[in-house]
1. Among the residues of segment 208-236, write down those that are small (Gly, Ala, Ser), buried (at least 24 other Cβ atoms within 10 Å of the Cβ) and not in a loop (DSSP other than H, G, I, E, B).
2. Mind checking whether some residue in segment 251-269 is closer than 28 Å to Ala102 by Cβ, touching a residue at least 60 places away in the same chain (Cβ under 8 Å) and not in a helix (DSSP H, G or I)?
3. Restricting the search to segment 135-154, which residues are at negative phi and touching a Ser or Thr at 6+ places or on another chain (Cβ under 9 Å)?
4. I need every pair where a residue in segment 218-232 that is closer than 9 Å to Thr204 by Cα has its Cβ under 6 Å from the Cβ of a residue that is charged (D, E, K, R), sequence separation at least 6 or different chains.
5. Can you tell me which residue is farthest from the chain's Cα centre (by Cα) among those in segment 141-157 that are under 9 Å from Gln215 (Cα atoms) and of a type in the set (A, V, I, L, M)?
6. Any residue at all in segment 175-187 that's in contact (Cβ under 8 Å) with a residue 60 or more places away in the chain and assigned to a helix (DSSP H, G or I)?
7. Name the residue, out of Trp199, Trp241, that is in contact with a Pro (Cβ under 6 Å, 6 or more places away or on another chain) and either β-branched (Val, Ile, Thr) or at pLDDT 95 or above (or both).
8. Determine the pairs where a residue that is in a loop (DSSP other than H, G, I, E, B), located within segment 136-148, has a partner that is among the hydroxyl-bearing types (Ser, Thr, Tyr) and surrounded by fewer than 21 Cβ atoms within 10 Å (Cβ to Cβ) with Cβ atoms under 9 Å apart, the partner being 6 or more residues away or on another chain.
Amino acid sequence: MSRVTRISPTVLAALGRLVVAVSLLAALVGGVGLIAVLGAPPEAEVAAPPEIPEVEPAQVRPGVAAPPVEVPPVGPPQQPAPGVDLIRQWANEVSLAVDVPARALVSYANADLAMRQHSPDCRISWSTLAGIGRIESNHGRYGDRSLGEDARSSRPIIGVKLDGGPEVREITDTDGGALDGDPVHDRAVGPMQFIPSTWEKWATDGNGDGIGDPQNLDDAAISAARYLCAGGRDLSTGSGWWQGVMSYNNSVEYAQKVFGLAETYTAAGNRRQ
């Protein structure tokens, strides 16, 4: 059974104080573009986002409950502070400028804010998480799905069988099919496409419901952020950013695409200040 990390809601509670909220939000969407900070991506221009192939999802239960550790959860409190609405207002405005659901932007922004509180030296940005989320699942909309207000896709997202076929590495089953419905080989799961064994290590309860569910974008976004920040990486530096993203998928082409998407999202966020 997975060990689920739960992180304090201090950051989101602080948004209830308007001045603090505005300050955090300005920091969240402000600043220069990624190219100015990280440098241009290697080896040429950034390619267009890839077409996401259709994969028929396996039949799986929606999430795996796990006993929480003794740390309060990420996510809004039971009665969200008034300032939390600033995140959704910002997300609604940015969503009009880029093809990202507002609810997905809320997940990415909350993960960014939580990491500022708990891993401030990492300096991961919502736009990097959004770039990965676009490539991995089109922000939970892969295969004509839609992302609901509960941060879950209308149907579970299950990747291809990792059986060593063409352009696919072989990973034999690590979870008894609990997450991916496949007891023989692993499949990546959820909007951020975690391998079950990787989810076992990084599973995080991002919405405070006591479950670390890879199919929930609140959970998956903060889990991806923690994974990218592993090893003390500083994602505000060129070397830290490229190392982090390529640890997610060891491909220069993949990292270039994430970079280009993140730059686009950052620019849209800046315009909405």
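1. Across segment 208-236, the qualifying residues are Ala220, Ala221, Ser223, Ala224, Ala225.
2. Scanning segment 251-269, I find no residue that is closer than 28 Å to Ala102 by Cβ, touching a residue at least 60 places away in the same chain (Cβ under 8 Å) and not in a helix (DSSP H, G or I), so the answer is no.
3. Ser137, Arg141, Tyr142, Arg145, Ser146, Leu147, Gly148, Ser153, Ser154
4. What qualifies is Asp219/Asp213.
5. Ranking the candidates gives Ile157 first.
6. no
7. Trp199
8. Gly140/Ser146; Gly140/Ser154; Arg141/Ser154; Arg145/Ser154; Ser146/Ser154; Gly148/Ser154
The values are calculated or read from the model by the stated rules, or taken from the named source; none is laboratory data. No experiment lies behind these values; they were computed from the predicted model shown. Every residue, glycine among them, receives a Cβ derived from its backbone with ideal geometry; neighbour counts consider all protein chains shown.
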